[in-house]
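Everything below concerns the one structure shown next.
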Amino acid sequence: MKTLLTRDVSEAARVLVGGGRVAFPTETVYGLGARADRAEAVAGIFEAKQRPADNPLIVHVAAPSAVLRVAEALPDHARRYMDAFWPGPLTLVLPARDDVPRIVTAGLDTVGVRMPDHPLALALLKEADVPVAAPSANRSGRPSPTSWEAVRDDLGGRIEAILQGPPARVGLESTVLDCTGAVPVVLRPGGVSLEALRSIVPETCLVTAGDGAAARSPGTRHPHYRPDAIVRWVGPFQAGEPAPSGSPSAGYIGIHPPPEGYARVCRVADQAAYAAELFHFFRQCEAEGLTEVHCERFAPDGIGHALADRIRRAVGVD
Ligand code: TXA
Ligand code: MG
């Protein structure tokens, strides 16, 4: 299959409405969209990504009012989060309407919904005028794509179209927040921090391992975010320290200057910049044939919690 590369939103929307798979930019990472109201279109997403069937998809909408096209009800706290953070990197898990194909929700009676904060994504969703199921546009298990080129490298020839836009601003995926119980629970840390959520609903909590976490958040069961190189935590470094073993064939990403001897270095100003660069850096190191990527440790705050979560999973210590 030839994958259409386009900057034309209307052209991309036509492909989407016709049942095709269209990758598109969002503020978090690029998504791989298909109309959520057609089971066959959604099946094509699982096939292209080789995604396990037990991992549900997030439905993307162009406006807060469109949430009721897929959600059965809107709990009061969900409405408060929407007012505060939509459009933005926050996915709300809500009771699903009966007419949402269960391939979207991986058989669950809940559906994840978000309104992305990106002009091209919003224009595409508006023009298509259908709810759009979209996971990150990478092959399953790989780092999420933060550029259209990364989408092409993973899925070129396997999907109908890519809407080309700029690199993603946040660089990590949305926060997934379960709003179906009495107390809202963060299932996946992401672009909106726990502190920010607690400023709206103070009792918001993080899912814990003993909570049946794997059952509530199926995505966390599978290996994730792995480039074709070993990812390791290092540091934090102080001036004059010797480099860890493996550094001549490794890349380094971190806030402090690393010891000499790394093949490639990505210095970032803060945790937000670290988040924005991480997945791109993974792919760069891989393309250069480096065998390891070293990520500098840090004391997380804000987006840093999501960043640490992604690095932990890439390292393979969950
Ligand atoms: O920022 C993002 O969220 C990006 C962009 C494209 O919007 N999308 C994304 O999708 O990261 P994906 O499929 O890579 O991750 C979706 C996560 C998975 O961990 C999945 O298990 C969880 O959301 N999820 C989706 N629907 C759910 C539901 N009904 N209940 C619990 N978890 C759900
Ligand atoms: Mg993903």
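Values in this text are rule-based calculations from the coordinates and carry no lab data. Because the structure is predicted, anything quoted here is derived from the model rather than measured. As a convention, Cβ positions derive from the backbone with ideal geometry for all residues, glycine included, and neighbour counts pool all protein chains shown.
Charge tally for residue 140 (other residues, Cβ to Cβ under 9 Å; Lys, Arg +1; Asp, Glu -1): +4. The Kirkwood hydrodynamic radius of the chain, based on inverse pair distances between different Cα atoms, is 19.8 Å. DSSP beta bridges confined to the chain are antiparallel in about 35 percent of cases. Listed by number, the DSSP H helices of the chain that run 15 Å or longer by alpha-carbon position along their axis and have mean Kyte hydropathy of at least -0.5 are 39-49, 271-287, 304-315. For the peptides 138-146, 96-104, residues were scored by their other Cβ atoms within 10 Å and the scores averaged per peptide; the highest-first order is 138-146, 96-104.
Each peptide among 199-206, 62-69 gets the average number of other Cβ atoms lying within 10 Å of its residues, and from highest to lowest they stand as 62-69, 199-206. In terms of surrounding Cβ atoms within a 10 Å radius of their Cβ, 83, 109 rank from fewest to most as 83, 109. This ranking places 126, 49 by how few other beta-carbon atoms lie within 10 Å of each, fewest first, which gives 126, 49. By the count of other C-beta atoms within 10 Å, a proxy for reagent exposure, 110, 26 are ordered fewest to most as 110, 26.
Can you give the calculated 222 nm mean residue ellipticity of the chain, where each DSSP H run of n ≥ 4 adds -39,500 (n - 2.57) and the sum is split over every residue, rounded to the nearest 500 deg cm²/dmol?
Rounded to the nearest 500, the figure is -8000 deg cm²/dmol.
Packing around the peptides 174-180, 230-236, 147-153, taken as the average count of other Cβ atoms within 10 Å per residue, puts them in this order, highest first: 174-180, 147-153, 230-236.
A simple count of charges around residue 1, restricted to other residues whose Cβ falls under 11 Å of its Cβ and scoring Lys, Arg +1 and Asp, Glu -1, yields +2.
Extending 7 Å from the Cα toward the beta-carbon at both residue 63 and residue 233 defines two label points whose distance is 4.6 nm.
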